[in-house]
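K.L.:
Sharing a structure here in structure tokens format.
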Amino acid sequence: MQAPVTDEQAREAAEALAAHGSQVKAAAALGIARSTLQNRLRGGAGGAAPKPAPQPATPAELVVADRKIVRLQDEVNDLRAKLREAQRGHLADEVVLDALGVMGAAPESPPDWLTRIPAASATKTPEVPVTIWSDWHMGEVVSRDEVGGCNAYNIEIAERRVRRLLDATIDICANHGPKSYPGIVVNLLGDFVSGGLHPELAKTDDEEVIPAALRCRDLLIAGLERMAA
């Protein structure tokens, strides 16, 4: 009966095979028969040869692995930041779409005087006051230091200017004209909110786009109601 193969013999046979690449050369290097080598590779009696112990990673391999981990972490952080930005944009879009949906669903009801054709007259032409409201830039902040101390702008100043606009328009119509008008045309041209169009403005704005837009909505409603009164 063949003697059992020791762990040392099995390990030696596996190392010889790995070093020489063939069983014939490995057996010759160990000075044993090929069948003996095969028996040792099997671990004897049909057993399996023990696997060589794993070798620790070299410093170079560790550096490469660390760099890969850092790169993957950076990619994950970047994707998370983009996801948060997209989610914020989606929420803002939903608010805007809701507002547009309400406006789009509202029935059209232009004032009667806008659709009524006045009677022709050779001596008199009907007068209709026209005003333009635009560029309120609600939410934007301008400090006096930025304009040499000549001016400033913020939400409080914006609301004060809107009130002055309404008072001046009413005064001109009531005290400096025929005083009897069928109505007034108010042109809303745009740029009512700052909107952070430039990165440097977004950092100093008093409010973000949606709160500023809602504030403008309230001011416009109040202003148009005063014009209609």
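The values are calculated or read from the model by the stated rules, or taken from the named source; none is laboratory data. These numbers were taken from a predicted model, which means no experiment stands behind them. Positions of Cβ are generated from backbone atoms using ideal geometry, with glycine treated the same way; all protein chains shown enter the neighbour counts.
Conditions tested, residue by residue: (1) at pLDDT below 85; (2) assigned to a helix (DSSP H, G or I); (3) under 26 Å from the mean Cα position of the chain (by Cα).
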residue	(1), (2), (3)
A10	no, yes, no
L37	no, yes, no
P56	yes, no, no
L100	yes, yes, yes
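K.L.:
Please work out which one of (1) modelled with pLDDT of 85 or more; (2) more than 22 Å from A213 (Cα to Cα) is the condition P178 fails and give its number.
P.N.:
(1)
K.L.:
Just to be sure before I move on: is C216 closer than 30 Å to H90 by Cα and modelled with pLDDT of 85 or more in the structure I sent?
P.N.:
The answer is yes for C216.
K.L.:
Name the residue that is modelled with the highest pLDDT, counting only residues in segment 149-166 that are exposed (fewer than 11 other Cβ atoms within 10 Å of the Cβ) and more than 29 Å from A229 (Cα to Cα).
P.N.:
That would be C150.
K.L.:
Given the structure, is K25 modelled with pLDDT of 75 or more, farther than 30 Å from V209 by Cα and of a type in the set (D, E, K, R)?
P.N.:
yes
K.L.:
Can you find a residue that is modelled with pLDDT under 85 and exposed (fewer than 10 other Cβ atoms within 10 Å of the Cβ) anywhere in segment 130-148?
P.N.:
no
K.L.:
Would you confirm, using the coordinates I've provided, whether W113 is aromatic (F, W, Y), modelled with pLDDT of 85 or more and not assigned by TED's automatic domain parsing to the domain that holds V5?
P.N.:
No: the conditions fail for W113.
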